[in-house]
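The next block holds one structure in the form of structure tokens; read it before the comments.
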Amino acid sequence: MYNPIQEVILLGQSLWYDNIQRRLLENGEMAALIASGDIRGMTSNPSIFNNAIANSTDYDSALIPLAKSGIDTENIFWHLAIEDIHTALDLFTPLYQQTTGQDGFVSLEVNPTYAHNTGATFKQAKHLWNQINRPNLMVKIPATREGLPAIREAIAEGINVNITLIFSIDRYREVMRAYMDGLKERLKAGKPVSQISSVASFFVSRLDSKIDARLPEDSNLRGKAAIANTKLAYVEFGKVFGGDEFKELLEAGCRIQRPLWASTSTKNKKYPDTLYVDELIGPQTVNTVPPKTLDAFRDHGTAKITITQDLEGAHRVVESLAKEGIFMEAVTKELEDEGVKAFSDSFVALLETIDIRRRQAMK
């Protein structure tokens, strides 16, 4: 039976699972997805954890004893999250070993309320890396202006980093620069680099949602901006990691930082439910998909190289939007601000949920 997911792997793209929940880790569902080859890594974020904890009782058996022991709300969260991450890391370790560190990663994000605090971000990234102490962990750091130096420091420290909330091509260039500068700093210090891995999470569907709302219903530009922006980002990836500067780092044993397409569920029901997978397939990329998108792509997705197709058309989309008064730089800045706020709000809501259950357990 034809499975487009297996074809995608042969084309050089890995599908990671944008979801985590204790029940899936414990009942064998996650292990089955890994064994089938459908997923090759996992990402999490505050919204996912909030959904997992707030909308289930999966965590009560662990949460209640922690509450009764007097642990505060935020530390209860980190206990629960790290337990899940440890379990997921164990499940993915064989794949990590089989692929010599290409896949099999699980991501955990630093406190998103630190997004504009370089020092606090780096300090927590280092703490999580040391506490979890697994080679297939990736610590997620937001690609804010203040996050960039924390990313560089983390790479120089030898921490695997998943850089999240990238919306603009300009910011993506800065992320790649931070990665390379971190590697150079580490090499200069005489430290090993061959085991350091990183992905750059470039967000997709939210751009269409934002821009479509500013276009007439009959505009032929609707649903085109996100794919165009992502294809042009992939061009920049090729320039940087196929260029002379990185060639020297490659020869020193450094790994390429793969672009990861994030936010790839279809928000507009008028668009195909596999749109942001079908149209973004290419070598040395990752697409992190939520459960429904994974199921849809397995069922009726199309596996062929698309990320490098019709680049002239991608440029025309950006130019046409500018003629309509819609500029990528301004829109992506709005999306970054909104993304940071959304993850911070989810983290606060998550702590409120845990605090309610903590107080109930103390009665």
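Values in this text are rule-based calculations from the coordinates and carry no lab data. This structure is a prediction, so every number in the text was calculated from the model and none was measured. Quick reminder, even Gly has a Cβ in these numbers, built from the backbone with ideal geometry, and neighbours come from all protein chains shown.
Taking N as the residue count of the stretch 241-300, its C-alpha radius of gyration divided by 2.2 N^0.38 Å amounts to 1.50. Within a straight-line Cα-Cα reach of under 19 Å, Lys363 can be paired with the following lysines, leaving aside sequence neighbours fewer than 8 residues apart in one chain: Lys68. Please compute the Kirkwood hydrodynamic radius of the stretch 103-219 from all pairs of different C-alpha atoms, in Å with one decimal. Hydrodynamic radius (Kirkwood, Cα pairs) of the stretch 103-219 is 14.9 Å. For Asp310 and Ile356, the FRET efficiency from 1/(1 + (r/R0)^6), where r spans their Cβ atoms and R0 equals 41 Å, is about 0.20.
Scaled against 2.2 N^0.38 Å for its residue count N, the alpha carbon radius of gyration of the stretch 286-363 is 1.80. Exceeding 24 Å between C-alpha atoms, which entries from my cross-link table qualify? They are Lys224/Lys267; Lys123/Lys184; Lys224/Lys333; Lys292/Lys333; Lys184/Lys231; Lys239/Lys267. The pairs that break the limit, which is 24 Å between Cα atoms, are Lys292/Lys333; Lys184/Lys231; Lys239/Lys267.
Within the shell defined by Cβ-Cβ distances under 10 Å, the residues around Glu185 carry a net charge of +2, with Lys and Arg each +1 and Asp and Glu each -1. Summarised as an ellipsoid, the stretch 4-362 has semi-axes of 31, 25, 21 Å, derived from the eigenvalues of the Cα gyration tensor scaled by 5 and square-rooted, with the largest first. Spin-label pair Lys333-Glu74: with each label point 7 Å from Cα along the Cα-Cβ axis, the two points sit 3.0 nm from one another. With R₀ fixed at 25 Å, the C-beta to C-beta distance from Arg145 to Asn220 puts the FRET efficiency at about 0.10. Model label points for Ala322 and Thr302, set 7 angstrom from Cα along the Cα-to-Cβ axis, are 3.0 nm apart.
Ranking Pro272, Thr118, Thr100 by Cα position along the charge dipole of the chain, where only Lys, Arg, Asp and Glu carry charges on their C-beta atoms, puts Thr118 farthest toward the positive end. Is the stretch 71-130 best put as rounded, prolate or oblate by its Cα gyration tensor, with a ≥ b ≥ c the root eigenvalues, rounded for a/c under 1.5, and otherwise prolate when a/b is larger than b/c, oblate when not? Note, shape of the stretch 71-130 comes out oblate.
With the highest mean first, a sort of the peptides 182-188, 31-37 on other beta-carbon atoms found within 10 angstrom per residue produces 182-188, 31-37.
Summary of packing: across the peptides 331-339, 200-208, the per-residue average of other C-beta atoms within 10 Å ranks them, highest first, as 200-208, 331-339. Taking the square roots of 5 times each eigenvalue of the Cα gyration tensor of the stretch 230-363, largest first, gives ellipsoid semi-axes of 33, 22, 19 Å. Magnitude of the charge dipole for the stretch 4-362, about its Cα centre and with charges confined to Cβ atoms of Lys, Arg (+1) and Asp, Glu (-1), is about 420 debye. Extension gain for the segment Ser36 to Gln97, taken as residue separation times 0.36 nm less the Cα-Cα distance, is 20.3 nm to one decimal.
Positive-end ranking of Pro149, Thr302, Ser69 along the dipole of the stretch 4-362, with charges on Cβ about the Cα centre, is headed by Pro149.
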